[in-house]
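> Could you have a look at this structure, given as C-alpha cells, before my questions?
The values are calculated or read from the model by the stated rules, or taken from the named source; none is laboratory data. Just so it is clear, the structure is predicted and the values come from calculations on it, not from any experiment. Glycine also receives a Cβ, built like all others from the backbone with ideal geometry; neighbour counts cover every protein chain displayed. Side chains are part of the model used for accessible areas, which takes the heavy atoms of the whole protein and leaves out ligands, DNA and RNA. Shrake-Rupley method; radii C 1.70, N 1.55, O 1.52, S 1.80 Å.
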Amino acid sequence: MTLAVGNFLALVLAVSAAGAPALATQTDVLPAPVEAPLLTVQGAIGVTNAEGRAEFDLPMLRSLPARSFQTSTVWTEGVHEFEGVPLRTLLERLGAAKDASVSAVAVNDYAVEIPASAIENDAPIIAYHIDGATFSRREKGPLWVIFPYDEDARYRSEVTYGQSIWQLDRLTVHP
C-alpha cells in the first residue's frame, strides 16, 4: 500500500512539474450570487461563477477578508470609517496575476485605470460600508474604491483621487 501511495504522489508531482493544471480546490470554486450582483469582474481571472466572469453580491464580498480604516476624503465632510475588501485580496481570490492592472467602471460608465503599481496588499479597498452601514448610489455607493488618504501623503494626489471611483460595478483585469 505504501508503494502505491508513493507512486501516486510521484505522479502528482511529475504532472505538476510538467506544468499541468493543479487539482481544483475548494478555494477555486466561486458560488453564484444569491442576491443581486453588485460587482462583475472579467478579463484575466482564473476563477469564475458565470460565463467568462465572476459576479459578487454583498454577502460574497463580505465573506472575503476585509480591511477598515478611518480617513477623510475630498468628497465628504469629516473623517469616516470605510470597510471593504482590499482590491489585491479580490484579485488573488480570482486567480489574477500579482502584477495585474484593472479597469474600473462605474454605473454611469465612468472608467478609470488602476495600474498594478497602485494595488497594494491593503489599499485600495472596495468599500461596501461607511461608518458601519451600507450606502446608496446617491451616497456614492454601493461600492467605492477608497485609499486610506490620511495614512500617507502619497495617497493624497490627483492620480490617486482619480482612481477612487465610486458607484463601482465592473472591473476588467489585465495581465
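> For E120, put the label point 7 Å out on the Cα→Cβ axis and report which residues of the range 141-157 keep their amide N under 11 Å from it.
147-156
> Under a Cβ-Cβ cut-off of 11 Å, what is the net charge of the residues other than T172 that fall near it, where Lys and Arg count +1 and Asp and Glu count -1? Could the numbers behind the result be given before it?
Numbers: positive: R53, R170; negative: E113.
Around T172, the surrounding residues sum to +1.
> Also: Amide H neighbours of S72 under 5 Å, counting only residues 5+ apart in sequence or on other chains, H built in-plane at 1.01 Å?
Distant-sequence amide H within range of S72: H80, D150.
> Okay, moving on. Would you tally the net charge around T48, using a Cβ to Cβ cut-off of less than 13 Å, leaving T48 out, and scoring K and R as +1, D and E as -1?
-1
> Per-residue counts of other Cβ atoms within 10 Å, averaged by peptide: what ranking do you get for 63-73, 39-49, 163-173, highest first?
In decreasing order of mean packing, 63-73, 39-49, 163-173 become 163-173, 39-49, 63-73.
> If the label point is 7 Å along Cα→Cβ of E151, which residues in the range 115-132 have backbone nitrogen under 11 Å from it?
Once the point is set 7 Å along Cα→Cβ of E151, 120-125 turn out to lie under 11 Å by backbone N, inside the range 115-132.
> Further question on the same structure: Ranked by accessible surface with a 1.4 Å probe, highest first, in what order do K98, K140 come?
On the way: K98 130, K140 50 Å².
The residues order as K98, K140, largest area first.
> Taking R0 as 41 Å, what's the FRET efficiency between V74 and D28 from their Cβ-Cβ distance, rounded to 0.05?
The pair V74/D28 has a calculated efficiency of 0.55.
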